[in-house]
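Working notes for the structure below.
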Amino acid sequence: MLQRFNVILTLVFLVFPFLIAAQNFTECSDPAPNDCDFYTECLEARYDCGPDGYPLAYGYHFCTKFQNSTADLSPAGQLWMTNTMLCLQRALIPEATGAAGAAATCSALETKAFGTHADCYVQSGLCTLPISDWDAIVFEIIGPGTLVDSLDALEATASAGFQCVEFFAEVIAHGILPLRRSLP
């Protein structure tokens, strides 16, 4: 009986760590929608950038801030938020899983992450959100100062802005959104 107990105990200690690792790998290789643990359990666990590094100070901070602000967004804004959060996390799966070619340092991780922001925002529908969502995103959730507080943030903000200008120029050029003409 004691021998069986020892075998079971040994198996538990040998298998349990692999089960935990498999769970983390799944979380890191396939982030769940509306879940911010990717930043703490995957990126911060792998890079150890500390409280001022991208995973905690930016990724996790703003992910949870958006989650806590869903009531401030329209249904379209809430869908945009979910899609954007997932896009941002999926773009960093190579870093979270340690894939070949992944960013090697906290600084490189931050640069890569900010480099994904504009495309994720725009591809998720930023340009088509109602003005009330823009107001909530810029002034209530992110804060205007955050949009320009680093070169990476400024570049992401400018890129998203230019992409929206291009989007509206294309919409107007194709007559989808006609320009209103003022009376002579």
For this session: Among the residues of the range 110-123, write down those that are in contact (Cβ under 8 Å) with a residue 24 or more places away in the chain, within 13 Å of the chain's Cα centre (by Cα) and within 18 Å of G53 (Cα to Cα).
Result: E110, A113, F114, G115, T116, H117
Exercise. For the range 61-79, which residues satisfy the criterion of being surrounded by fewer than 21 Cβ atoms within 10 Å (Cβ to Cβ) and among the aromatic types (F, W, Y)?
Worked result: F62
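Mind listing just one residue for me: the one in the range 106-138 that is among the aliphatic types (A, V, I, L, M) and in contact with an Asp or Glu (Cβ under 7 Å, 6 or more places away or on another chain) and, of those, nearest to S150 (Cα to Cα)?
Top of the filtered list is L109.
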For this session: Search the range 74-102 for residues that are over 28 Å from S132 (Cα atoms) and outside any loop (DSSP other than H, G, I, E, B) and pair each with any residue that is modelled with pLDDT under 95 and among the hydrophobic types (A, V, I, L, M, F, W, C) when their beta-carbon atoms are under 7 Å apart and the residues are at least 6 apart or on different chains.
Result: T97/F25
Exercise. So which residues in the range 78-98 are among the hydroxyl-bearing types (S, T, Y) and more than 14 Å from L126 (Cβ to Cβ)?
Worked result: T97
Exercise. Quick check, is V138 farther than 17 Å from G59 by Cα, of a type in the set (A, V, I, L, M, F, W, C) and at pLDDT 90 or above?
Worked result: no
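So, in the range 27-58, of the ones that are aromatic (F, W, Y) and in contact with a helix residue (DSSP H, G or I) (Cβ under 7 Å, 6 or more places away or on another chain), which residue ends up surrounded by the fewest Cβ atoms within 10 Å (Cβ to Cβ)?
Checked the range 27-58; the qualifying residue surrounded by the fewest Cβ atoms within 10 Å (Cβ to Cβ) is Y47.
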Problem set entry | Counted residues, the range 121-147 - those being in contact with a Ser or Thr (Cβ under 7 Å, 6 or more places away or on another chain), surrounded by fewer than 19 Cβ atoms within 10 Å (Cβ to Cβ) and not in a helix (DSSP H, G or I) | 1
Problem set entry | Selection count where residues are surrounded by fewer than 21 Cβ atoms within 10 Å (Cβ to Cβ) and closer than 14 Å to S159 by Cβ, scope the range 92-113 | 1
For this session: Confirm whether T157 is among the hydroxyl-bearing types (S, T, Y) and crowded, with 17+ Cβ neighbours inside 10 Å.
Result: yes
Problem set entry | Set D152, D119: member being touching a His at 6+ places or on another chain (Cβ under 9 Å) and over 14 Å from A76 (Cα atoms) | D152
Exercise. Restricting to the range 160-184, what's the tally of residues that are exposed (fewer than 12 other Cβ atoms within 10 Å of the Cβ) and either within 20 Å of Q67 (Cα to Cα) or modelled with pLDDT of 85 or more (or both)?
Worked result: 3
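The values are calculated or read from the model by the stated rules, or taken from the named source; none is laboratory data. These numbers come from a predicted model, not from an experiment. In this analysis, Cβ positions are derived from the backbone assuming ideal geometry, glycine residues included, and neighbour counts consider all displayed protein chains.
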